[in-house]
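*Asks:* Dumping the structure here so I can ask a few things about it.
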Amino acid sequence: MRFLRRSFLAVLGLLAVGWVGLVAYAYWPGEAEVPARALATPEDRFITVDGLELRYRSVGEPAPGKPTVVLLHGFANTLQTFRLLGPLLAGHFHVIMLDVPGFGLSSKPADRDYSNASQARVVMGLATALGLERYVIGGHSMGGTLSVYVAAADPRVSGVVLMNPGIITTGVPPVTQYLVFPLPRVMARIFGTREFRENFLRRSFLDESVITPQVMTEMMLAPRSEGYLAGTTTLMGQYETGEEPEMARRVKVPTLIAWGLQDRGKPIGELEALERLIPGAVVARIEGAGHYVQEEQPGAVADAMIAMAGRWQ
């Protein structure tokens, strides 16, 4: 009995030491965060929507008969994920690439609701602030999830493009639904390290040469920006799923699904399920691409989108 009691106390002691270690790691002073505008490039634009300062970039000029498309990135990414695709679309679309709240160089308030519905409302607010009367909404992974929320709610949406979207299974790591203090802040810290972020990306690519040092430098602007640690801690603690398939069923506008066939995390069954949710969707099955289809095969995605331009006007 004495041995069991000592063993139990030893385990409790180890757990307490581990917990204290996690708290220390989570709250240990790190590199000073700086205002997002101080990290911006000449290509970046900022606009205030619902009290949030959002970073976006645009390529191509608005013109009659030329659809505007708003593109949303995936979880833990930024608008840089469309750096290759955007210029290929510029002759046929006015392209707006957005950092979703909580990511990139957009605002990251600690007291914000980062649910999909809330994020979608900000995207619709962006469209209003930019004076868009009609637009195509599209996104990759988590951005695809947000796109169906926007399309289901905004009558101005004339089309949807989904790139390996997080609808059947989300683009958010499932572990986030189990995070309790101090784990959300620990995860925010981990995601703010270059080595972890790079390894996280590489698991999703067939061609790792796409992930250049410049790509990583661009991605790592987010952890350097003001509000990153506090805002990302909140975001990590707000995991939720459940309504994504229902939102997809409500999409009634012409839809393109661009699917990288070598996605290690999303089996082909997800694509088939998505086709059932959105009858009539045009599907581009793209070889030579994993989860980041828009980065590994930007030409194929651009061709598929250009073929839809007439239906999206």
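The values are calculated or read from the model by the stated rules, or taken from the named source; none is laboratory data. Everything numeric here is computed off the predicted structure, so don't read it as measured data. Cβ coordinates were reconstructed from backbone atoms using ideal geometry, including for glycine residues, and neighbour counts include every protein chain displayed.
*Asks:* Among the candidates ALA76, ALA32, ALA26, single out the residue that is more than 17 Å from GLU218 (Cα to Cα), outside any strand (DSSP E or B), of a type outside the set (Lys, Arg) and in contact (Cβ under 8 Å) with a residue 60 or more places away in the chain.
*Replies:* Values: ALA76 fails: more than 17 Å from GLU218 (Cα to Cα); ALA32 fails: in contact (Cβ under 8 Å) with a residue 60 or more places away in the chain.
Answer to the check: ALA26.
*Asks:* In segment 56-68, what residues are assigned to a loop (DSSP other than H, G, I, E, B) and either surrounded by 16 or more Cβ atoms within 10 Å (Cβ to Cβ) or touching a residue at least 60 places away in the same chain (Cβ under 8 Å) (or both)?
*Replies:* Here is the first cut: in segment 56-68, the ones assigned to a loop (DSSP other than H, G, I, E, B) are 60-62, 64-65, 67.
Answer for segment 56-68, where residues must be assigned to a loop (DSSP other than H, G, I, E, B) and either surrounded by 16 or more Cβ atoms within 10 Å (Cβ to Cβ) or touching a residue at least 60 places away in the same chain (Cβ under 8 Å) (or both): GLY60, GLY65, PRO67.
*Asks:* Let me ask you something else. Give the number of residues within segment 235-282 that are acidic (Asp, Glu), in a helix (DSSP H, G or I) and under 29 Å from LEU206 (Cβ atoms). Steps first, please.
*Replies:* First pass over segment 235-282, keeping only residues acidic (Asp, Glu): 240, 243-244, 246, 263, 270, 272, 275.
Retained after the next criterion (residues that are in a helix (DSSP H, G or I)): 244, 246, 270, 272, 275.
Next, only the ones that are under 29 Å from LEU206 (Cβ atoms) stay: 244, 270, 272, 275.
Here the count works out to 4.
*Asks:* Then there's this: So the check is Cβ under 7 Å with 6+ separation or different chains; which pairs have a first residue in segment 118-146 that's touching a residue at least 60 places away in the same chain (Cβ under 8 Å) and a second one that's among the hydroxyl-bearing types (Ser, Thr, Tyr) and assigned to a helix (DSSP H, G or I)?
*Replies:* From segment 118-146, the pairs are ILE137/SER147; GLY138/SER147; GLY139/SER147; HIS140/THR81.
*Asks:* Cβ contacts < 6 Å: first residue within 18 Å of VAL148 (Cα to Cα), restricted to segment 274-299; second residue surrounded by 22 or more Cβ atoms within 10 Å (Cβ to Cβ) and polar (S, T, N, Q), any location; separation 6+ or different chain. Result?
*Replies:* Listed pairs, sorted by first residue: ILE278/THR255; ALA281/THR255.
One line per residue, one yes/no per condition, for (1) modelled with pLDDT of 95 or more; (2) part of a helix (DSSP H, G or I); (3) more than 23 Å from PRO165 (Cβ to Cβ):
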{"site": "LEU54", "(1), (2), (3)": "yes, no, no"}
{"site": "VAL70", "(1), (2), (3)": "yes, no, no"}
{"site": "GLN80", "(1), (2), (3)": "yes, yes, no"}
{"site": "ILE96", "(1), (2), (3)": "yes, no, no"}
{"site": "LYS108", "(1), (2), (3)": "yes, no, yes"}
{"site": "ALA120", "(1), (2), (3)": "yes, yes, no"}
{"site": "ALA127", "(1), (2), (3)": "yes, yes, no"}
{"site": "GLY139", "(1), (2), (3)": "yes, no, no"}
{"site": "GLY143", "(1), (2), (3)": "yes, yes, no"}
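*Asks:* Also: I'm told GLN238 meets every condition in (1) surrounded by 17 or more Cβ atoms within 10 Å (Cβ to Cβ); (2) over 18 Å from the mean Cα position of the chain (by Cα) except one. Can you identify the failing condition by its number?
*Replies:* Single failed check for GLN238: (2).
*Asks:* Which pairs have Cβ atoms under 6 Å, sit 6 or more apart or on different chains, and link a residue in segment 92-104 that is under 15 Å from VAL301 (Cα atoms) to one that is modelled with pLDDT of 95 or more and in a strand (DSSP E or B)?
*Replies:* Within 6 Å, the pairs are PHE93/VAL69; VAL95/VAL59; VAL95/VAL69.
*Asks:* Picking from ASP263, ASP303, which residue would you name as being among the charged types (D, E, K, R) and touching a residue at least 24 places away in the same chain (Cβ under 8 Å)? Spell out how you get there, then give the answer.
*Replies:* Details: ASP303 fails: touching a residue at least 24 places away in the same chain (Cβ under 8 Å).
Matching residue, one of ASP263, ASP303: ASP263.
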